[in-house]
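The values are calculated or read from the model by the stated rules, or taken from the named source; none is laboratory data. If you're wondering where the values come from, they're calculated on a predicted model, not measured in any experiment. Cβ: placed from backbone, ideal geometry, glycine included. Neighbour counts: every protein chain shown. Quick note on the areas: whole protein, heavy atoms, side chains included, nothing else; ligands and nucleic acids left out. Shrake-Rupley method; radii C 1.70, N 1.55, O 1.52, S 1.80 Å.
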Amino acid sequence: MDSTSGRPDNQTSPQRDDSRRTPSIREAEIDTAVAHFHYAQAGTGPPVLLLPGSGGWKLTLTDLTAALARRHTVYALDPPGQGLTRIHDRSTRFGTDAVADSIRTFLDAVGIRRAAIVGHSWGGGFALRFAQLHPERLTRLALIAPGGLDVADRWEFRLLRLPVLGEIGVHLISTASVRHMIRKSFANRDRIPDNLIQDYVRMMRQAPGRAERLADLLRVERSVRWSDTERDLSSVDAPVLLLWGSEDRYFPVRLMQRFTARLPHVQAHLLPGGGHSLHDDLPDATMQRLRPFLSADLG
C-alpha cells in the first residue's frame, strides 16, 4: 500500500539484480567508550547501516548486506544486547535512547558522518529513535516491519523480561525454541537460509563472552520502551520507506497505519505473502522497493 491510499501493492517482483559481482563481506570489531562493537562490512559507495531485529543479530542480514553492497558501503551491526557486541558499563539501564546513542557512537568510530539506515523489527525502532535524536546524522530511513510503537511484545519476548525465567530461557536456549521463532518469522519457510537455526544456537551457546553477552541481551530487552519513539514519530524529517509483509505473525499489518498517520515523509508498501523477515522471505520484492529508495540521492 502507499501512505495515502492504503491500497495493497500487488506488483510482481523481478529477478534479483546480479549484474555486479557480489562483494566480499568481512567481519570486524571496533572498541568505543560505550561498547565493543561487532559488525560486518562490504562494498563501496554511500554508506548504509543495517540494524537487525531483537535476537536477530547481524547474521540475519547476510544476504541483504551482499545485495546492497553492490552500490553502497554496507555496515551490518550487532547493536548493544545483540550478537558479539559487548556493553562496557553494566551498572545502569540500557534502554531505547542508550541504544540509539550507541549507534551514533559506532558511526563516529568508523568515520561516518551521515548514513542511510535500514532497520528490521526492533532494529527499525532503534533507527526511528536515532532519527529523532540525531536527525543530522541520517540521510534516509528504510523500515522493515519496524518496532517503535507502544504495544505489548509477543509472548516469546515478554518471557525475557521476567526475573529468573528470562535467565533460564537464554541460558538453556534450545534448537526447538530457536526453530519456532525463526519459522514464525517466515511465511515461506522453504526460504529460511541454510544453517540459520544452527548459527543462532552456536551464537547463544558457544561464542566468546557468553555470560556477559546474555546479560546484555536481557538488560536491553528489559530496559527498552517505545512510548517516546511513538510520541515523536511526527518529528522524523528524513524520507522513510516502510515495508510490511501481509503474513507477518510478530507485528500485525494493522500497525502500519500508526506509522503512516504520523510519519511526515513516508512511502509505505504492503508486500503480499511476506512474513516478518521480509528481506529473506521475499528478497526480490523487498529489493525492488529498497534499492531505488536508497539510491535516490545518487543522481
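Screening Ala211 with (1) in contact with a Gly (Cβ under 9 Å, 6 or more places away or on another chain); (2) open to solvent by 10 Å² or more (accessible area, probe 1.4 Å); (3) assigned to a helix (DSSP H, G or I); (4) over 19 Å from Ala131 (Cα atoms) gives one miss only, at (1). Considering only residues that are loosely packed, with under 12 Cβ neighbours inside 10 Å and at pLDDT 80 or above, look in region 183-197 and name the one that is nearest to the chain's Cα centre (by Cα). Among residues in region 183-197 that are loosely packed, with under 12 Cβ neighbours inside 10 Å and at pLDDT 80 or above, the one nearest to the chain's Cα centre (by Cα) is Asn195.
Per this entry, Val201 is not counted among residues that are within 22 Å of His276 (Cβ to Cβ) and open to solvent by less than 10 Å² (accessible area, probe 1.4 Å).
Looking at Leu270, Leu263, just one residue is modelled with pLDDT of 95 or more, in a strand (DSSP E or B) and open to solvent by less than 60 Å² (accessible area, probe 1.4 Å), and that residue is Leu270.
Is it true that some residue in region 31-40 is among the β-branched types (Val, Ile, Thr), part of a strand (DSSP E or B), at pLDDT 85 or above and in contact with a helix residue (DSSP H, G or I) (Cβ under 6 Å, 6 or more places away or on another chain)? Within region 31-40, not a single residue is among the β-branched types (Val, Ile, Thr), part of a strand (DSSP E or B), at pLDDT 85 or above and in contact with a helix residue (DSSP H, G or I) (Cβ under 6 Å, 6 or more places away or on another chain).
Of all the numbered requirements in (1) in contact with a helix residue (DSSP H, G or I) (Cβ under 8 Å, 6 or more places away or on another chain); (2) buried (at least 23 other Cβ atoms within 10 Å of the Cβ); (3) modelled with pLDDT of 95 or more, Gly123 misses one, and that requirement is (1). The residue list Val201, Val178, Val224 contains one member that is among the β-branched types (Val, Ile, Thr) and within 28 Å of Asp101 (Cα to Cα), which is Val224. All conditions but one from (1) closer than 30 Å to Val253 by Cβ; (2) open to solvent by 30 Å² or more (accessible area, probe 1.4 Å) apply to Thr22; the one that does not is (1).
For region 34-61, taking the residues that are without any contact (Cβ under 8 Å) to a residue 40 or more places away in the chain and hydrophobic (A, V, I, L, M, F, W, C), the one that is farthest from Ser24 (Cα to Cα) is identified as Ala40. Annotation: of all residues in region 215-231 being assigned to a helix (DSSP H, G or I) and open to solvent by 20 Å² or more (accessible area, probe 1.4 Å), the one that is farthest from His120 (Cα to Cα) is Ala215.
Scan Ser277, Ser234 and give me the residue that is at pLDDT 90 or above, among the hydroxyl-bearing types (Ser, Thr, Tyr), closer than 26 Å to Arg140 by Cβ and surrounded by 15 or more Cβ atoms within 10 Å (Cβ to Cβ). Step by step, each of Ser277, Ser234 is checked, and only Ser277 is at pLDDT 90 or above, among the hydroxyl-bearing types (Ser, Thr, Tyr), closer than 26 Å to Arg140 by Cβ and surrounded by 15 or more Cβ atoms within 10 Å (Cβ to Cβ).
Output the residue which, of all residues in region 280-299 that are open to solvent by less than 40 Å² (accessible area, probe 1.4 Å) and part of a loop (DSSP other than H, G, I, E, B), is modelled with the lowest pLDDT. Taking the candidates together, the pick is Ser295. Exactly one residue out of Val224, Val236, Val253 is under 16 Å from the mean Cα position of the chain (by Cα) and β-branched (Val, Ile, Thr), and it is Val224.
Taken over region 46-100, the residue count meeting the criterion of being open to solvent by 10 Å² or more (accessible area, probe 1.4 Å), assigned to a strand (DSSP E or B) and either aromatic (Phe, Trp, Tyr) or closer than 14 Å to Val220 by Cβ (or both) is 2.
The residue pairs whose first member lies in region 114-143 and is farther than 16 Å from Arg231 by Cα, whose second member is hydroxyl-bearing (Ser, Thr, Tyr), and whose beta carbons are closer than 6 Å, counting only pairs six or more residues apart or on different chains, are Arg114/Thr139; Ala116/Thr139; Trp122/Ser54.
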